[in-house]
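Participant: Provided herewith is a single structure, encoded as structure tokens, for subsequent inquiry.
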Amino acid sequence: EKKKYPWCGKTYKYKRSMSAHLKVECGKEPQLHCPYCPHRSKKNHHLQAHIRAIHKDINNSDNIKECKNLRFYQ
């Protein structure tokens, strides 16, 4: 059974998912910044997907592998 978070209406099956949402996302501005453009993200894997999709001509596979362990903050 999913539990609904009262402030934003998101629902979560697991308490740890809701805790992660509260810590990183809920009511907060994106903290991760693309090093190539103004794009910002709340989740590292979303930023990685953005870089691979939008900046594929800038990045080679070595840069993408290295990027997986980085968090980009302004």
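The values are calculated or read from the model by the stated rules, or taken from the named source; none is laboratory data. Quick caveat, the model's predicted, so the values are computed rather than measured. Here the Cβ positions follow ideal geometry from the backbone for every residue, glycine too, while neighbour counts run over all protein chains shown. Ligands, DNA and RNA are stripped out before the accessible areas are found, and what is left, the full protein with its side chains, is counted by its heavy atoms. Shrake-Rupley method; radii C 1.70, N 1.55, O 1.52, S 1.80 Å.
Participant: Filtering the stretch 18-37 down to residues that are exposed (fewer than 14 other Cβ atoms within 10 Å of the Cβ) and in a helix (DSSP H, G or I), which residue is nearest to the chain's Cα centre (by Cα)?
Facilitator: Once the filter is applied, the top-ranked residue is 23.
Participant: Among the residues of the stretch 38-48, write down those that are within 12 Å of the chain's Cα centre (by Cα), over 28 Å from residue 2 (Cα atoms) and open to solvent by 40 Å² or more (accessible area, probe 1.4 Å).
Facilitator: 39, 40 - these are the residues of the stretch 38-48 that are within 12 Å of the chain's Cα centre (by Cα), over 28 Å from residue 2 (Cα atoms) and open to solvent by 40 Å² or more (accessible area, probe 1.4 Å).
Participant: I'd like the full set of residues that are within 21 Å of residue 58 (Cβ to Cβ) and small (Gly, Ala, Ser), limited to the stretch 4-48.
Facilitator: 41
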